[in-house]
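Chemist: Take a look at the following structure, please.
The values are calculated or read from the model by the stated rules, or taken from the named source; none is laboratory data. Everything numeric in this text was worked out from a predicted model, so none of it was measured. Don't worry about glycine lacking a Cβ; one is built from the backbone with ideal geometry, like all the others, and counts go over all protein chains shown. Accessible surface is based on the protein model in full, side chains and every heavy atom, while ligands, DNA and RNA are left aside. Shrake-Rupley method; radii C 1.70, N 1.55, O 1.52, S 1.80 Å.
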Amino acid sequence: MSRLADPDRLRALLDTFAALSEPDSGPGVTRLAYTPLERDAHAVFAARLADLGAVVRTDAAGNTLAELAGTDPAAPAIGTGSHLDSVPNAGRFDGIAGAAAAVETARLIREHEVAHRHPLRFVVFAAEEGARFGQACTGSRIVAGLTGPDDLREKRDAEGVSLAEAMSAVGFDPALVGDARWDPADWAGFVELHIEQGAVLESEGRRVGVVDTISGSTRLRFELTGRASHSGGTPMHLRADAAAAAAEIVLLVESVATHAAAGGTRATVGRIDIAPGSITTIAGAASLWVDVRGLDRGEQQRAAAEIVERAAAACDRRGVGFTSHPLAETPPVPLPAAVRDVLVATCADLGIDPTVLASGASHDAQQVNHVTPTGMIFVPSRDGISHDPAESTDIDDLALGTTVLAAGLLRLDAELP
Ligand SMILES: [Zn+2]
């Protein structure tokens, strides 16, 4: 007999979280990493789980962990959860959907008095969004041992505040984050539910997805040096136009990704700065930010290398100087088949035909997978929109995904050692 998640309870919880938003910050939800509002959201999560009888603690990174004891005190834990911070002017589902699903899962297990052998842990990670400090998944990187005190001092937000300073301001000692590291022996598995942030499920008319791979990302900044001069006085053949070279690069980036032999590579120029930025001056300099996402590490690196090579050649032809600066390199993460198969089988039990798909965005799950086998459940995003106030997921789809999450965790409980 399956235990069905309640859409009304999920909606009410989403409303509670959405109300925790920076006032006067414009449309949508603004609840940035390591701010008092993010802590308030964690306190709501902690209180809900404590009400359900879970033992709740906050670790040195600001992650909140709530545990329902299992019948075998020696068994490692099975976990679920996501994040509660947002980008500026966000929607109300990114991360929050998985946190609300975790609360609802705990409630289903308590209400139906379901016995489970492993302890079940409900987790919300701090600072998942890279919007404030340029680094995504800070809380989950810390538990996986991938981010330490030195990194926290180096990464800064637009106001010059370091991650370490922001953590201190909300009551955490960045020197102690090593204490938050998870011991693989203490974990049996983890599943994160998240909104898709793409339109694959919607376009296929599916309500639940199971993730097989989380995309990697190669991020680059190109600096182009042209020759600024008068737009009327300079003949076309005597120009070194940094803006024209930048335009050529935007199109060749698109072309490389469109023609990538192995499927799944996406490449984007998301930002261009042109100087001096005057209608009557030929651009003397341009900066471009390039994001290459791949599902295969070799293909991702090949596409990035081809973009750099062709951009350099295009600039050379135009007499424009070119340099490429690496910003970040994250390989794609294939999630383990064992957890994925359990989630797909759980869907089948519930009469759901899921789509197995890749995640274009990065997630806490990929960091957690360094510690314990991890899976992901996706629910549809309306029109594929995310990181925008228009972000939306049908509450019945979120409830269905939550039903799969709860049943999947219990199936893992039965199958994992
Ligand atoms: Zn997210």
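Chemist: Looking at S386, S381, S362, which is the one that is in the same structural domain as R117 (by TED's automatic domain parsing), surrounded by 22 or more Cβ atoms within 10 Å (Cβ to Cβ) and at pLDDT below 95?
Modeler: One residue alone meets the criteria, S386.
Chemist: What is the residue count in segment 1-21 for residues that are buried (at least 16 other Cβ atoms within 10 Å of the Cβ) and within 19 Å of D388 (Cβ to Cβ)?
Modeler: 5
Chemist: Here's a follow-up. I'd like to check something: does segment 118-129 contain any residue that is open to solvent by 20 Å² or more (accessible area, probe 1.4 Å) and under 30 Å from D353 (Cβ atoms)?
Modeler: Scanning segment 118-129, I find at least one residue that is open to solvent by 20 Å² or more (accessible area, probe 1.4 Å) and under 30 Å from D353 (Cβ atoms), so the answer is yes.
Chemist: Restricting the search to segment 130-152, which residues are assigned to a helix (DSSP H, G or I) and open to solvent by less than 10 Å² (accessible area, probe 1.4 Å)?
Modeler: If the condition is that a residue be assigned to a helix (DSSP H, G or I) and open to solvent by less than 10 Å² (accessible area, probe 1.4 Å), then T138, G139, S140, I142, V143, L152 are the ones that fit.
Chemist: Another question about this same structure. Please enumerate the residues belonging to segment 270-324 that are more than 31 Å from the chain's Cα centre (by Cα), in a loop (DSSP other than H, G, I, E, B) and touching a residue at least 24 places away in the same chain (Cβ under 8 Å).
Modeler: Answer for segment 270-324, where residues must be more than 31 Å from the chain's Cα centre (by Cα), in a loop (DSSP other than H, G, I, E, B) and touching a residue at least 24 places away in the same chain (Cβ under 8 Å): P276, I279, T280, I282, A283, G284, R318, G319, V320.
Chemist: Could you check how many residues of segment 111-121 are of a type in the set (K, R) and part of a strand (DSSP E or B)?
Modeler: Number satisfying all stated conditions: 1.
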